[in-house]
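A short write-up of the structure that comes next.
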Amino acid sequence: MKKIKLRIPATVANLVCGFDILGMAVHEPYDEMEFRLSDSPEIIIKHEDHFGLPEEPSQNVAGIVLLKIREHFKLSHGFEVIIRKHIKPGSGLGSSAASAAGAAFGANALLGNILSKNEMIHFAMFGEELASGVRHADNIAPCIYGGITLVKSPNPIDIIPLNTPDLYVTAVHPQVEVKTSDSRQILKKSISLKSAVEQWGNIAGLIAGIQKNDSALIGRSLNDGIIEPVRSILIPKFDEIKMKSIEAGALGGGISGSGPSIFMLAETKETAEKIAELMKSTYRETEIESFVYVSKINPAGIRIVE
Ligand code: HSE
């Protein structure tokens, strides 16, 4: 195989209470990447989008992953990559993870499946490190495994794929910029034992709810007394959207990754669309433009489309 085209989904990291350990793939939005294996060792990255991202491989999230793979396997050939991003960088919807995971997945497919899923995650984390300074895998893992994943440990990599409950995800991306590095900087470095115990209860409850397909348990576990109170200050209308969504029938939700996107889970498409409408109308009252996506949880993750 010399050429391949991928569809790489957006991901919602943290799932409210699982900071840096839980993540979920959705269907919308998604990036597209085309890869060609070339005979020369050069790595060429071309962005066919409007985000102005650097194309120099060592400065590009996908490029750095390919450089690491080429170096590790002492490859004599290189890659030509065309990236069409639809997941806006800095949205909190796993934009950098999509480029990083897509690069590892595409290279692996062209090289004849020489990498395991966890090895792909290992290489993709170099891309996350370039983007945010941290080797976190909570967006990359659901991209590669699909569905919902638990990062039991990023080092050594230990990923637990969880069940995919039959739920709808509504995500709103208000057009304000929140850099992951900044929204990590403002977090408290230590927490009380009382807060930790509450969080353990929520994480355990959420995972049990996911595994048992118990929507009510999922809903009452989507609480975060540690990260959300600090980060939500950066997101206009966060409290209002959360309150209105729950009144409209959402099981619960919160900040997607490091924000500014907000996501909500719902049992029916009708409720998910009602939430989408109220999200849009809430931002319409402000000067802030917003994009809203409704989709189911994506059980497959990255897909080869050609
Ligand atoms: N877990 C990371 C964070 C995700 O919340 O900072 C960043 O997309």
Restricting attention to the stretch 130-187, which residues are in contact with a helix residue (DSSP H, G or I) (Cβ under 7 Å, 6 or more places away or on another chain), away from the ligand (no atom under 12 Å from the Cβ) and among the hydroxyl-bearing types (Ser, Thr, Tyr)? TYR145, THR149, TYR168, THR170
Inspect all residues belonging to the stretch 73-83 and state whether any of them is within 16 Å of the ligand (Cβ to nearest atom), in a loop (DSSP other than H, G, I, E, B) and aliphatic (A, V, I, L, M). no
Which one of these does LYS296 not meet: (1) part of a strand (DSSP E or B); (2) crowded, with 19+ Cβ neighbours inside 10 Å; (3) not hydroxyl-bearing (Ser, Thr, Tyr)? (2)
Does at least one position in the stretch 231-252 carry a residue that is within 21 Å of ASN163 (Cβ to Cβ) and of a type in the set (A, V, I, L, M, F, W, C)? yes
Show the residue pairs meeting these rules: Cβ distance below 7 Å; 6+ apart or different chains; first residue within the stretch 139-161 and at negative phi and basic (Lys, Arg); second residue away from the ligand (no atom under 16 Å from the Cβ) and not in a helix (DSSP H, G or I). LYS152/ASP158; LYS152/ILE160
Answer residue from the stretch 18-43, given it is in contact with a Phe, Trp or Tyr (Cβ under 9 Å, 6 or more places away or on another chain) and either among the hydroxyl-bearing types (Ser, Thr, Tyr) or part of a loop (DSSP other than H, G, I, E, B) (or both) and is surrounded by the fewest Cβ atoms within 10 Å (Cβ to Cβ) among those: GLU42
Right, PRO142: assigned by TED's automatic domain parsing to the domain that holds SER256 and closer than 19 Å to LEU15 by Cα or not? no
Give GLY112, GLY102 a once-over and let me know the one that is buried (at least 16 other Cβ atoms within 10 Å of the Cβ) and either part of a helix (DSSP H, G or I) or not assigned by TED's automatic domain parsing to the domain that holds PRO229 (or both). GLY102
Going through LYS46, LYS74, LYS117 one at a time, which residue ends up being at pLDDT 95 or above, at positive phi and surrounded by fewer than 24 Cβ atoms within 10 Å (Cβ to Cβ)? LYS74
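The values are calculated or read from the model by the stated rules, or taken from the named source; none is laboratory data. Fair warning: this is a prediction, and the values are worked out from it, not measured in the lab. Cβ coordinates were reconstructed from backbone atoms using ideal geometry, including for glycine residues, and neighbour counts include every protein chain displayed.
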